[in-house]
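Engineer: Dropping the structure in here first, questions after.
The values are calculated or read from the model by the stated rules, or taken from the named source; none is laboratory data. Please read these numbers as outputs of a predicted model, since none were measured by experiment. All Cβ positions, even for glycine, are placed from backbone atoms using ideal geometry, and neighbour counts span all protein chains on display.
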Ligand code: ADP
Ligand code: MG
């Protein structure tokens, strides 16, 4: 059973909470998603020690507790402390070092409601190794642990998994939302269910193709995933983006023959024949299927959306989903969510997951180590 923060009494949390968040996005929407949990904790007079990560730092050395090296500046969380302080309208104490004894002393001496943010945990080699010693150092700072970082919960990291063996552990408010909405999608979806798949990394989407094979009415495929499937069907896609790793997978080869697979019938290509967007006929076919759906899951853009000339197909799909008000619609993944925010369509979806890879794993019926670790 997962203990949800929303159902937890203040007393069960002690006086200081270690809060794992995910700031690993260019835009601030992941930070925004974590605000309700921070507010919830502060309003109850708890001290909050936030831990998070950014990127995949390389060559960072720790000297006297301080990170050194090029990535140490580039991937620092210092600017996130400022952004978060602005969003939540409260001061945030940023801790630039990993001298855990000193940190513990400052936290213990702080007033109730004080918020700390530690430096990028991935600067420490123990984080991604799920190191018990690091978990122990983190645990010493607090009385309880809250995971509100769904987007990294598919990783067995020290601040996601090992920590739960050392402190009473709870799922934060955003994590709870993720679990409730995504569970609804896999357990009791209303039919017809339409799955829309795009993006560059087709191999990331193998899990959902497999899981929804018998559950979806149809798969609408665009982007690099469609190029790869068209290629498997023997169509010449020239130098278009394809995912060779996925093309070698038996599951993907099978998917290219699914009877309910709907591939582009036309496309927008550049002068060199690179397919960069679905065409207008395809857009209409996709929109018609989307209009009839009662459940919609969308992962990965329909084209090279960074160039507005090739973002048309993506916009058609996004608008069709926005227009279908009776469907339960879910999406996630960095590029897709940023796109929806830019076009102010995000509010029209039933749920936007903060997870990219984590959402895909969850929806493929896989166990996420970070969520499994919360089950006690
Ligand atoms: P997401 O993170 O949204 O799930 P991916 O990371 O798999 O999606 O892929 C996103 C990227 O795929 C985008 O940056 C987009 O430019 C690229 N992309 C999609 N279709 C094409 C295409 N036909 N040609 C080139 N790039 C594409
Ligand atoms: Mg991506």
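Engineer: Could you please tell me which pairs satisfy a Cβ distance under 7 Å, a separation of 6+ or placement on different chains, a first residue in the range 195-217 that is within 17 Å of residue 355 (Cα to Cα) and in the same structural domain as residue 358 (by TED's automatic domain parsing), and a second residue that is within 12 Å of ligand 2 (Cβ to nearest atom) and in a strand (DSSP E or B)?
Structural biologist: Pairs found: 197/299; 199/299; 205/299; 208/299.
Engineer: When both residues are 6+ apart or on different chains and their Cβ atoms are under 6 Å apart, which pairs have a first residue that lies in the range 63-77 and is in the same structural domain as residue 26 (by TED's automatic domain parsing), and a second that is assigned to a strand (DSSP E or B)?
Structural biologist: Matching pairs, first to second residue: 68/61; 69/61.
Engineer: Answer yes or no as to whether residue 225 is within 16 Å of ligand 2 (Cβ to nearest atom) and touching a strand residue (DSSP E or B) at 6+ places or on another chain (Cβ under 7 Å).
Structural biologist: yes
Engineer: Looking at 317, 337, which one is in contact with a helix residue (DSSP H, G or I) (Cβ under 7 Å, 6 or more places away or on another chain) and surrounded by fewer than 23 Cβ atoms within 10 Å (Cβ to Cβ)?
Structural biologist: Result: 337 is the single residue among 317, 337 that is in contact with a helix residue (DSSP H, G or I) (Cβ under 7 Å, 6 or more places away or on another chain) and surrounded by fewer than 23 Cβ atoms within 10 Å (Cβ to Cβ).
Engineer: Within the range 21-33, how many residues are buried (at least 18 other Cβ atoms within 10 Å of the Cβ) and modelled with pLDDT under 95?
Structural biologist: Residues meeting the conditions: 6.
Engineer: Right, something else. Considering only helices (runs of 4 or more DSSP H) fully contained in the range 249-358, which possess at least 1 residues that are within 21 Å of residue 217 (Cα to Cα)?
Structural biologist: Correct list: 250-255, 280-292, 312-323.
Engineer: Criterion first (out of contact with any strand residue (DSSP E or B) (no Cβ under 6 Å at 6 or more places or on another chain) and over 30 Å from residue 321 (Cβ atoms)) does residue 139 satisfy it?
Structural biologist: On the way: out of contact with any strand residue (DSSP E or B) (no Cβ under 6 Å at 6 or more places or on another chain): yes; over 30 Å from residue 321 (Cβ atoms): yes.
Yes: the conditions hold for residue 139.
Engineer: Tell me the residue from 321, 275 that is within 12 Å of ligand 1 (Cβ to nearest atom) and over 28 Å from residue 145 (Cα atoms), please. So that I can check it myself, show each step before the final result.
Structural biologist: Values: 321 fails: within 12 Å of ligand 1 (Cβ to nearest atom).
Of 321, 275, the one residue that is within 12 Å of ligand 1 (Cβ to nearest atom) and over 28 Å from residue 145 (Cα atoms) is 275.
Engineer: For residue 172, state whether it is crowded, with 24+ Cβ neighbours inside 10 Å and within 16 Å of ligand 2 (Cβ to nearest atom).
Structural biologist: So residue 172 fails the test.
Engineer: Whether any residue in the range 342-351 is within 16 Å of ligand 2 (Cβ to nearest atom), surrounded by fewer than 24 Cβ atoms within 10 Å (Cβ to Cβ) and modelled with pLDDT under 95 is what I want to check.
Structural biologist: Scanning the range 342-351, I find at least one residue that is within 16 Å of ligand 2 (Cβ to nearest atom), surrounded by fewer than 24 Cβ atoms within 10 Å (Cβ to Cβ) and modelled with pLDDT under 95, so the answer is yes.
Engineer: Could I ask something else about it? Can you list the helices (runs of 4 or more DSSP H) found entirely within the range 17-81 that contain at least 3 residues being within 18 Å of residue 151 (Cα to Cα) and under 19 Å from the mean Cα position of the chain (by Cα)?
Structural biologist: The qualifying helices (runs of 4 or more DSSP H) are 29-33, 35-43.
Engineer: In the range 174-194, what count of residues is obtained for those that are in contact (Cβ under 8 Å) with a residue 24 or more places away in the chain and either under 18 Å from residue 300 (Cα atoms) or in a helix (DSSP H, G or I) (or both)?
Structural biologist: Initial filter on the range 174-194 (in contact (Cβ under 8 Å) with a residue 24 or more places away in the chain): 174-179, 181-182, 184-186, 189-194.
Checking which are either under 18 Å from residue 300 (Cα atoms) or in a helix (DSSP H, G or I) (or both) leaves us with 174-179, 181-182, 184-186, 193-194.
Of the residues in that region, 13 qualify.
Engineer: Is it true that residue 181 is under 30 Å from residue 218 (Cα atoms), more than 23 Å from the chain's Cα centre (by Cα) and modelled with pLDDT of 95 or more?
Structural biologist: Taking the combined requirement at face value, the residue does not satisfy it.
Engineer: So which of 277, 236, 248 is in contact with a helix residue (DSSP H, G or I) (Cβ under 7 Å, 6 or more places away or on another chain) and away from ligand 2 (no atom under 16 Å from the Cβ)?
Structural biologist: So the residue among 277, 236, 248 that is in contact with a helix residue (DSSP H, G or I) (Cβ under 7 Å, 6 or more places away or on another chain) and away from ligand 2 (no atom under 16 Å from the Cβ) is 277.
Engineer: I'd like to know if the range 358-366 contains one or more residues that are within 16 Å of ligand 2 (Cβ to nearest atom), within 18 Å of residue 28 (Cβ to Cβ) and surrounded by 23 or more Cβ atoms within 10 Å (Cβ to Cβ).
Structural biologist: No, the range 358-366 has no match at all.
Engineer: On the given criteria, is residue 220 within 20 Å of the chain's Cα centre (by Cα) and away from ligand 2 (no atom under 16 Å from the Cβ)?
Structural biologist: Spelling it out, it is not the case that residue 220 is within 20 Å of the chain's Cα centre (by Cα) and away from ligand 2 (no atom under 16 Å from the Cβ).
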